[in-house]
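First up is the structure itself, then whatever we jot down about it.
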Amino acid sequence: MEVNIQRLKETDSTNKYLVEQLSREYLPDFSVITTDFQSSGRGQRGNSWESERGKNLLFSVLLRPESVPARSQFLISQIASLAIKEGLDRFAAGFSIKWPNDIYWNEQKICGMLIENDLAGAMLSQSILGIGVNINQNLFISNAPNPVSLKTITGNHQDREVILADILRILATYYDLLRKGETELINRRYHHSLFRKEGYYLFADKNGRFSARIVGVEPDGELILSTETNEKRGYLFKEVQFVL
Ligand code: BTN
């Protein structure tokens with residue numbers, strides 16, 4: 001996969017930059033924008049994304065998968081999560097994918113993702129994967145509940161470029177699998193890598209807290225839980241949270 005990388009010293013948000021660039025010109029599949037600093041990095045739920053200048057990985061990848069049905073768009077989250085988790089695995093044990101697409105190290109968050117999908121009829125036409133991975137930041141000042149960086153985990157400064165190249169290489173491999181229709185394999189690996197995939201834990205939904213175990217994740221991304229009384233419950237994004 002040929003990777004077209006644009007490197008910026010600073011921008012408001014790599015996702016926003018990519019969207020704006022796409023409104024002016026065509027960019028090929030697997031175009032990447034990366035920056036040292038975002039003046040208004042976006043997180044999930046309207047939050048901002050904290051990242052000290054020059055310390056972390058901040059990038060967005062454009063995918064134009066062509067053969068992914070809209071109802072299977074969660075596969076994009078799955079391959080992105082797997083690529084980052086596997087890119088980090090060589091540094092330490094304990095990385096996992098917290099449904100739907102945060103990357104955790106033990107009980108702490110090392111990476112967040114903001115995925116913006118565009119549909120054309122029943123198909124996914126374009127996907128922008130916005131990824132922030134904490135690499136060398138020592139201290140987090142925002143109210144993010146439980147951030148951690150690779151430097152804190154390993155005790156050493158790490159080379160951001162090497163990690164980015166690794167993640168993109170792994171992502172390209174998964175992207176190939178996706179386009180070849182190997183969705184079973186992607187699903188299996190995703191499930192295998194899930195945070196709290198075994199045992200009962202506390203979750204919270206609109207009715208309050210309850211204890212449940214993860215049964216699985218449906219192709220549309222729905223998380224299926226089973227309570228201690230064997231009641232099955234399905235949740236879409238943002239309808240349920242892990243109690244940490
Ligand atoms: C989250 O809240 O967990 C999602 C964070 C996503 C952050 C990344 S950093 C690169 C890209 N540009 C943005 O503005 N956000 C994403």
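Among the residues of region 129-143, write down those that are in contact with a helix residue (DSSP H, G or I) (Cβ under 8 Å, 6 or more places away or on another chain) and without any contact (Cβ under 8 Å) to a residue 40 or more places away in the chain.
138
Does residue 165 satisfy being modelled with pLDDT of 95 or more, over 16 Å from the mean Cα position of the chain (by Cα) and not in a helix (DSSP H, G or I)? Taking the combined requirement at face value, the residue does not satisfy it.
Residue-by-condition table, conditions (1) at pLDDT below 95; (2) in contact with a strand residue (DSSP E or B) (Cβ under 7 Å, 6 or more places away or on another chain); (3) within 12 Å of the ligand (Cβ to nearest atom); (4) open to solvent by less than 40 Å² (accessible area, probe 1.4 Å):
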site: 41; (1), (2), (3), (4): no, yes, yes, yes
site: 46; (1), (2), (3), (4): yes, no, yes, no
site: 51; (1), (2), (3), (4): no, yes, yes, yes
site: 55; (1), (2), (3), (4): no, no, no, no
site: 63; (1), (2), (3), (4): no, yes, no, yes
site: 67; (1), (2), (3), (4): yes, no, no, no
site: 73; (1), (2), (3), (4): yes, yes, no, no
site: 78; (1), (2), (3), (4): no, no, no, yes
site: 84; (1), (2), (3), (4): no, yes, yes, yes
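Contact map, region 221-244: first residue more than 29 Å from residue 70 (Cα to Cα) and free of Cβ contacts under 8 Å to residues at least 40 places away in the same chain, second residue among the hydrophobic types (A, V, I, L, M, F, W, C) and open to solvent by less than 20 Å² (accessible area, probe 1.4 Å), Cβ cut-off under 8 Å, separation 6 or more or different chains; pairs are 227/212; 228/212.
Take the conditions open to solvent by 40 Å² or more (accessible area, probe 1.4 Å) and either of a type in the set (A, V, I, L, M, F, W, C) or closer than 22 Å to residue 46 by Cβ (or both) and apply them to residue 222. Does it pass?
For residue 222, the condition - open to solvent by 40 Å² or more (accessible area, probe 1.4 Å) and either of a type in the set (A, V, I, L, M, F, W, C) or closer than 22 Å to residue 46 by Cβ (or both) - is not met.
Being in contact with a Phe, Trp or Tyr (Cβ under 7 Å, 6 or more places away or on another chain) and of a type in the set (Val, Ile, Thr) is a condition met by at least one residue of region 88-103. Can you name every residue in region 6-30 that is outside any loop (DSSP other than H, G, I, E, B) and within 14 Å of the ligand (Cβ to nearest atom)? Hits for region 6-30 are 6, 7, 8, 11, 14, 15, 16, 17, 18, 19, 20, 21.
Applying the criterion of being under 19 Å from the mean Cα position of the chain (by Cα) and free of Cβ contacts under 8 Å to residues at least 24 places away in the same chain to the residues of region 174-189, the residue that is farthest from residue 67 (Cα to Cα) is 188. For residue 233, the criteria (1) modelled with pLDDT of 95 or more; (2) over 26 Å from residue 91 (Cα atoms); (3) open to solvent by 80 Å² or more (accessible area, probe 1.4 Å) hold in every case but one, which is (3).
The values are calculated or read from the model by the stated rules, or taken from the named source; none is laboratory data. These numbers come from a predicted model, not from an experiment. Heads up, the Cβs are rebuilt from the backbone with ideal geometry, glycines too, and the neighbour counts pull from every protein chain shown. Note: areas computed on protein heavy atoms with side chains; ligands, DNA, RNA excluded. Shrake-Rupley method; radii C 1.70, N 1.55, O 1.52, S 1.80 Å.
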